[in-house]
Amino acid sequence: MSLSATTAPPSPSAPPPTPPRRRSRAITLNRLDLKLSPYLYIAPFFVIFGIFGFYPMLRTAWMSLHDWNLIGDHSFIGFDNYTRLFGDEYFWNATINTFGIFILSTIPQLLLALFLATMLNRTFLRARTLFRMAIFMPNVVSVAAVAIVFGMLFQRDFGLINWVLSLVGIDAVDWDAQKWSSWTAIASMVNWRWTGYNTLILLAGMQAIPKDLYEAAAIDGANQWKQFWRITLPMLTPTFVFVVTLSTIGGLQLFTEPLVFGNGNIIGGDQREFQTLAMYMYELGIENLSTAGYGAAVAWAMFVMIALVSLVNFLLVRRSVK
């Protein structure tokens with residue numbers, strides 16, 4: 001009996017080890033890819049912002065330091081355009097109009113949006129999706145259509161608002177002839193358009209709050225008001241600060257609503273009753289070719305005002321909610 005020895009097939013040869021230099025280079029490239037690729041993804045935004053945002057701001061700042069005439073010379077005058085603002089009655093009139101309409105529109109708008117968001121967040125409400133769609137509809141309606149509707153509502157002789165006022169013994173109001181009446185009419189347009197938009201943002205913030213907090217509060221005996229004050233508002237702080245900041249920026253840049261309310265009159269009424277800063281800037285920089293430099297100074301003054309008011313609102317809202 002013979003024994004046959006079997007030999008195992010030769011194992012394939014292992015690949016040669018990677019040289020240390022090539023391995024370190026691959027690790028370095030991998031690290032660079034992880035660090036730089038996010039910036040490459042967002043680079044298109046910065047390119048577009050630089051072309052259409054940052055460069056126009058620098059160009060406007062440069063124009064504000066010159067006696068800029070679109071059809072003539074551009075002599076350098078330093079900060080003369082800015083010092084001229086302090087004695088310009090039209091500038092201060094537009095500033096007062098802007099802040100007046102801003103206060104009448106922003107404060108009621110945010111309070112109403114918070115109330116509506118709270119109601120839409122209730123679980124017992126039926127057809128909530130339908131209500132959410134309906135409350136957002138005013139925001140997608142054309143501003144021209146809004147102007148036509150509100151122009152009919154606030155018409156002096158045959159308007160619905162004056163007819164309702166006459167039922168309670170109040171004389172007809174010429175809404176575009178006085179400051180307070182025109183501010184109220186324009187603020188109502190702004191509130192009608194943007195309340196639903198802010199409502200949905202606040203509603204999204206409310207729905208992100210964990211339900212466990214409300215259940216624990218209910219077990220501890222907290223009623224609906226205490227839950228809203230102790231849970232909803234503190235947890236809603238980031239969203240509410242965002243809404244306040246967005247409303248501040250939009251309210252101080254108000255242009256379209258007062259323009260269409262005055263039937264395209266850029267001076268905002270016969271006596272500039274409702275001309276805003278954005279309208280005054282347009283009047284100087286676009287309609288009047290010889291005052292583009294001064295219009296650029298108005299634009300930068302408006303930018304500084306918006307930045308300061310937004311910062312103050314941010315600090316006040318965050319502190320009050322805390």
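Is one or more of the residues making up segment 143-150 under 20 Å from the mean Cα position of the chain (by Cα), part of a helix (DSSP H, G or I) and either within 26 Å of LEU246 (Cα to Cα) or touching a residue at least 40 places away in the same chain (Cβ under 8 Å) (or both)? Looking for residues that are under 20 Å from the mean Cα position of the chain (by Cα), part of a helix (DSSP H, G or I) and either within 26 Å of LEU246 (Cα to Cα) or touching a residue at least 40 places away in the same chain (Cβ under 8 Å) (or both), one finds at least one in segment 143-150, hence yes. Taking segment 170-183 as the range and being touching a helix residue (DSSP H, G or I) at 6+ places or on another chain (Cβ under 6 Å) and in a helix (DSSP H, G or I) as the test, only TRP183 passes.
All of (1) of a type outside the set (Val, Ile, Thr); (2) exposed (fewer than 14 other Cβ atoms within 10 Å of the Cβ); (3) touching a helix residue (DSSP H, G or I) at 6+ places or on another chain (Cβ under 9 Å); (4) modelled with pLDDT of 90 or more hold for LEU111 with one exception: (3).
In the list GLY268, GLY250, GLY293, which residue meets the criterion of being in contact (Cβ under 8 Å) with a residue 40 or more places away in the chain and touching an Asp or Glu at 6+ places or on another chain (Cβ under 6 Å)?
Details: GLY268 fails: touching an Asp or Glu at 6+ places or on another chain (Cβ under 6 Å); GLY250 fails: touching an Asp or Glu at 6+ places or on another chain (Cβ under 6 Å).
Result: GLY293 is the single residue among GLY268, GLY250, GLY293 that is in contact (Cβ under 8 Å) with a residue 40 or more places away in the chain and touching an Asp or Glu at 6+ places or on another chain (Cβ under 6 Å).
Picking from residues in segment 39-92 that are touching a strand residue (DSSP E or B) at 6+ places or on another chain (Cβ under 6 Å) and either part of a helix (DSSP H, G or I) or under 21 Å from TYR282 (Cα atoms) (or both), the one that is modelled with the lowest pLDDT is HIS74.
THR248: β-branched (Val, Ile, Thr) and either under 24 Å from THR118 (Cα atoms) or outside the structural domain of LEU200 (by TED's automatic domain parsing) (or both), yes or no?
yes
The values are calculated or read from the model by the stated rules, or taken from the named source; none is laboratory data. Model, not experiment: these values are computed from the prediction. Don't worry about glycine lacking a Cβ; one is built from the backbone with ideal geometry, like all the others, and counts go over all protein chains shown.
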